[in-house]
1. Using the 10 angstrom Cβ neighbour count as an exposure proxy, how do Ser236, Ser78, Ser246 rank, fewest first?
2. Provide Lys172, Lys276 in ascending order of the number of other Cβ atoms located within 10 Å of each residue's Cβ, fewest first.
3. Take Ile212, Ile56 and order them by how many other Cβ atoms sit within 10 Å, fewest up front.
4. Within the stretch 33-76, which trypsin sites (Lys or Arg not before Pro) sit in a loop by DSSP and count at most 16 neighbouring Cβ atoms inside 10 Å?
Amino acid sequence: MDKIEISHRTIIFTVFFLIGLWVVYQIRGVLLLFFIAFVLATALNSLVRNLEKIRIPRLIGIVITFLLVIGFIALIVSGLVPVVADQTNVLTKVISKELPNLTLIDVSEKEITSQIESLTRNAGNVFNFFLGAFSNIIDIFLLITITFYIMIERNKLGKYLRILFGDSHGEKQAEELITNIEHRLGGWVRGEIALMIIVGLLTYIGLTLLGIPYALPLALLAGLLELVPNIGPVISAVPSVLLALSYSFPLALGTIVLYIVVQQLENNLIVPIVMKESIGLPPLITLMCLMIGGSLGGVVGAVLAIPAFITLQVVIAYLYKQNRKRPFGL
């Protein structure tokens, strides 16, 4: 049997490659945060550039853009507050009215004591919940801060990344790559905005036909949460179903059917078609990205699946193009 020889160069490369993978795994949370910030910066940068065209300084344009986004979110929240307050009052009245007709069956003192002891044992979960919430608030603040600085330093990104290309034209090549990624991610953002409008409009029409009050803010919520695959439609359906339930059970059932129909249309028809038109991804690839992203990273993975795929696609295509330009044998 021939002896297989492995060169020192191959061993060193393999060791450093494995070390690199380990380092990437250890800082995956930081890398994910920066990637999300880059996607957000790309989404908002088009609006900033439009403001620059009318001679508004970039920094002021960035501040205006952030204020517009915050104002839009505040508008939706303020529109949902009356819905939550109204349905809470109505549900309280319904429960108070029906409470005397309810009968407690086989509830012993021993069972009550057992439940209290269980709550006591799990009291630490409350602290963990608030600790996690505080951590999420910090992450959101960091995300906003990183996004803000990426937008400010956008014109210098090529200079920062030129070291990756290792030649005198590195800055130009890095800028070209970033521009290509921005163009594709911009298409994804436009596609997501189109999806939000379509889902919001379908939900508004359905809720209006069913006679559900506050159809507009509920539809806005459904459109906004379209960004979150699978779980987004479920979350947006909760206030609508509870509000319908405060009027009648058949109305609540009809509302559930409405959201199921909209979700199925969204997942299996609307999303693949819109993404094909906006970023050129075949419907099958879009569905595969969402499924793989969801299985690997849950909700966050599903949200970032398509941006991550198109970013990787642009990078691989660019590197392949640059490799073909090199003289044969080098």
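Every number here is computed from the coordinates shown, using simple stated rules; none is lab data. As the structure is a computational prediction, the values presented were derived from the model and not from experiment. Don't worry about glycine lacking a Cβ; one is built from the backbone with ideal geometry, like all the others, and counts go over all protein chains shown.
1. On the way: Ser236 25, Ser78 10, Ser246 20.
Taking fewest neighbouring Cβ atoms as first place, the list is Ser78, Ser246, Ser236.
2. Lowest count first: Lys172, Lys276.
3. Values: Ile212 24, Ile56 15.
Ranking Ile212, Ile56 by Cβ neighbours within 10 Å, fewest first, gives Ile56, Ile212.
4. Values: sites: Arg49, Lys53, Arg55, Arg58; in loops: Arg55.
Sparse-neighbourhood loop trypsin sites (Lys or Arg not before Pro): Arg55.
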